[in-house]
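One structure is given below, encoded as structure tokens.
The values are calculated or read from the model by the stated rules, or taken from the named source; none is laboratory data. On a predicted model such as this, the values are computed, not experimentally measured, just so you know. Cβ sites come from the backbone with ideal geometry, for glycine too, and all protein chains shown count toward neighbours.
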């Protein structure tokens, strides 16, 4: 998919629901330009987080997407459900980044304007150690 990093999740802390579990980060010029071009669909629980970004287009795409616009604190400032191919969104002055998600993600997650999202990386062992809990190794010993 070009110049993108994988491995972030998007969680709606207001509604306590996940929007996506496998989101690619497009934070380079090349990654933002390519986006979803060339893809035939967007698998469930996946997406692209484009930053910085306050507007998108679906020119050249062959499927609809849900779009969530976020401010600098990852608060939802704009929503577009089922954005069709060959569409262009107007720039949103408060948006700092955009999530492109599979169709119906906004509906399924009950995401609304003003909701607070958490975008984080997967780091199971780091998370366990940060919380001070012990993690069992393969032999059953606590490390």
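Quick notes on this one:
- Positions within segment 46-64 being within 16 Å of residue 102 (Cα to Cα), touching a residue at least 40 places away in the same chain (Cβ under 8 Å) and either surrounded by 21 or more Cβ atoms within 10 Å (Cβ to Cβ) or touching a helix residue (DSSP H, G or I) at 6+ places or on another chain (Cβ under 6 Å) (or both), in sequence order: 47, 48, 49, 50, 56
- Just so you know, in segment 8-30 the residues that are touching a helix residue (DSSP H, G or I) at 6+ places or on another chain (Cβ under 6 Å) and surrounded by 17 or more Cβ atoms within 10 Å (Cβ to Cβ) include one that is modelled with the lowest pLDDT, and it is 26.
- Selection from segment 65-86 of residues that are at pLDDT 95 or above and either in a loop (DSSP other than H, G, I, E, B) or closer than 18 Å to residue 30 by Cα (or both): 71, 72, 73, 74, 84
- Unique residue being under 18 Å from residue 11 (Cβ atoms) and either surrounded by fewer than 17 Cβ atoms within 10 Å (Cβ to Cβ) or free of Cβ contacts under 8 Å to residues at least 24 places away in the same chain (or both) when the list is 94, 75, 84: 75
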